[in-house]
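Working notes, structure below.
What follows is calculated from the coordinates using simple rules that are stated; it is not laboratory data. Values in this document were obtained by computation on a predicted structure and should not be read as measured data. With ideal geometry, Cβ positions are generated from the backbone for all residues, glycine too; neighbour counts draw on all protein chains shown.
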Amino acid sequence: MEHKTRNSILLAIVAIAVVVIPTSLIKIEVIDEYTAQILTLAGINAIIAISLNLISGITGQLALGHAGFMAIGAYTTSSLTMQLGLPLPLAIIGGGFMTAVFGFVIGFPTLKLTGDYLAIVTLGFGEIIRVVLINMKGLTGGAAGLKGVPGFTADILAQPVISFAVVTATLVLILAGITNFLLSSYGRAIISIREDEIAAASNGIPVFFYKMFSFTISAFLAGIAGGLYAPFFGYLNPTMFTFLKSVDFLIIVVLGGMGSITGTIIASYVLTYLQEFLRFLKDYRLVIYPFILIFIMLFRPKGLLGRTELSLVGLLNKVLQWRASKAKDDKEARR
């Protein structure tokens, strides 16, 4: 019990530090505004990549339409704030729930499929969403896009600080929630489906129910990411949510490791920063992604971390145990 309490305290300290320290550095301009924007975008990419990893890497169901879920969350959040005047936090949560509804409706027929068939159907869904957004001009602005989406704050100077703090805090909460979820009986059941679906069903696990559950949660998280994306940019256009956007998220998941949440987060920040760093190459920088993917598939097919998870709390515990052991040895040596 004491060990569990210490872990919880350490986890809370690490979570607060991850949000507070970089936010403070941005506020005093040690981290410039441009870098802050890259870090914020990386946080949004990490959230949607986690949502994709939940269904593809952890549940074992390949999906290629997460840009469509992100679009639903983004446009729903924008509509709730611009037309109904809801506060932004409620609008973002509303965008997540709306996306979850779409995920449930789409998942019910499609999750009876497996492998390539499921990937093709979810890819088609993402493209359908984009076409619908283009033609709903009254609500979405059509091909011209939706302008004037309210930001995280009305203060332009404080925008980089607030944006980073909100996105990073959301990412930390989602990471904590997903980690606890995977350690629960629901999470164990979902992982068993990935390992062997037939064996899971023969042991009494309702496979279709857990697939639906995972897919709906995945859609909800993608909607939250879309809800954060809209006020961050302040402008939405259907071309932001093409098939290539879904492929970008898939590359992040593959690079980090299918099934590794911490690997996905690391890959999100690395690839987002790399994309900005290589901007001087213009369109040629898009060639770098396929090369990275080919290199990973050849030399590290399981991704950077595979299914391994990094734990800062575990590392801190080892350091504390080492220090306690060293202090004990020094005390005995003095005797």
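Would you work out which of Thr23, Leu64, Ser163 lies farthest towards the positive end of the dipole of the stretch 2-238? Charges go on Cβ: Lys and Arg +1, Asp and Glu -1.
Going by the Cα projections, it comes out as Leu64.
Report the Cα centroid-to-centroid distance between the stretch 83-126 and the stretch 241-274 in angstrom, as an integer.
A separation of 19 Å, based on Cα centres.
Can you give the relative contact order of the chain as a percent, counting alpha carbon pairs under 8 Å and 6+ residues apart? Provide the component values of the computation, followed by the final result.
On the way: 468 pairs, mean separation 103.2, N = 335.
Once divided by the residue count of the chain, the mean separation gives 31 percent.
Compute and list, largest first, the equivalent-ellipsoid semi-axes of the chain from the alpha carbon gyration tensor, each √(5λ) rounded to a whole angstrom. Write down the numbers at each step before the final one.
Working: eigenvalues 224, 147, 80 Å².
The answer is 33, 27, 20 Å, longest axis first.
At a Förster distance of 41 Å, what's the computed FRET efficiency of Glu276 paired with Ile198, Cβ-Cβ distance as r, to 0.05? If you can, show how the numbers build up before the last one.
Numbers: r = 45 Å, r/R0 = 1.09.
In this case the efficiency is close to 0.35.
Per the helix-only calculation at 222 nm, which mean residue ellipticity applies to the chain, given -39500 (n - 2.57) for every DSSP H run of n ≥ 4 and division by its residues, nearest 500 deg cm²/dmol?
-25000 deg cm²/dmol
Need one number: nm distance between label points at Lys137 and Phe208, each 7 Å from Cα along Cα→Cβ, rounded to one decimal.
Here the modelled spin labels are 4.3 nm apart.
Within the chain, what's the longest stretch lacking GluC sites (Glu not before Pro) that sit in DSSP loops with no more than 15 other Cβ atoms inside 10 Å? Present the calculation step by step, with values, prior to reporting the outcome.
On the way: sites that count: Glu29, Glu309.
Free of exposed loop sites, the longest segment is 30-308.
So for Leu183, Leu228, Leu62, fewest C-beta neighbours within 10 Å to most, what's the order?
Values: Leu183 10, Leu228 30, Leu62 20.
Ranked by crowding around the Cβ, least crowded first: Leu183, Leu62, Leu228.
Would you mind getting me the FRET efficiency between Val287 and Val105? Use the beta-carbon distance for r and R0 = 41 Å, nearest 0.05. Could the numbers behind the result be given before it?
Working: r = 37 Å, r/R0 = 0.91.
The computed FRET efficiency comes out at 0.65.
Could you tally the net charge around Ile55, taking each other residue with its Cβ under 12 Å from the Cβ of Ile55, Lys/Arg +1 and Asp/Glu -1?
Here the charged neighbours net out to +2.
Could you compute the net charge surrounding Leu39? Neighbours are other residues with a C-beta less than 15 Å from the C-beta of Leu39; K and R count +1, D and E count -1. Could you put the intermediate results ahead of the total?
Values: positive: Lys27; negative: Glu29, Asp32, Glu33, Glu276.
Within the 15 Å Cβ shell, the charges total -3.
Cα-Cα over 32 Å: which of Lys211/Lys245; Lys112/Lys302; Lys137/Lys302; Lys147/Lys302? Mind showing how you got there, number by number?
Details: Lys211/Lys245 24 Å; Lys112/Lys302 26 Å; Lys137/Lys302 43 Å; Lys147/Lys302 41 Å.
Pairs exceeding 32 Å: Lys137/Lys302; Lys147/Lys302.
From the Cα gyration tensor of the stretch 19-99, with a ≥ b ≥ c the square roots of its eigenvalues, which class applies: rounded if a/c is under 1.5, or else prolate if a/b is larger than b/c, or else oblate?
Working: a/c = 2.66, a/b = 1.25, b/c = 2.13.
It comes out oblate by the Cα gyration axes.
What distance in nm separates the two pseudo spin-label positions at Thr239 and Lys147, each 7 Å out from Cα along the beta-carbon direction?
Rounded to a tenth, the inter-label distance reads 1.5 nm.
Fewest Cβ neighbours within 10 Å first, please rank Met82, Met136 accordingly.
On the way: Met82 16, Met136 13.
The most exposed by this proxy come first: Met136, Met82.
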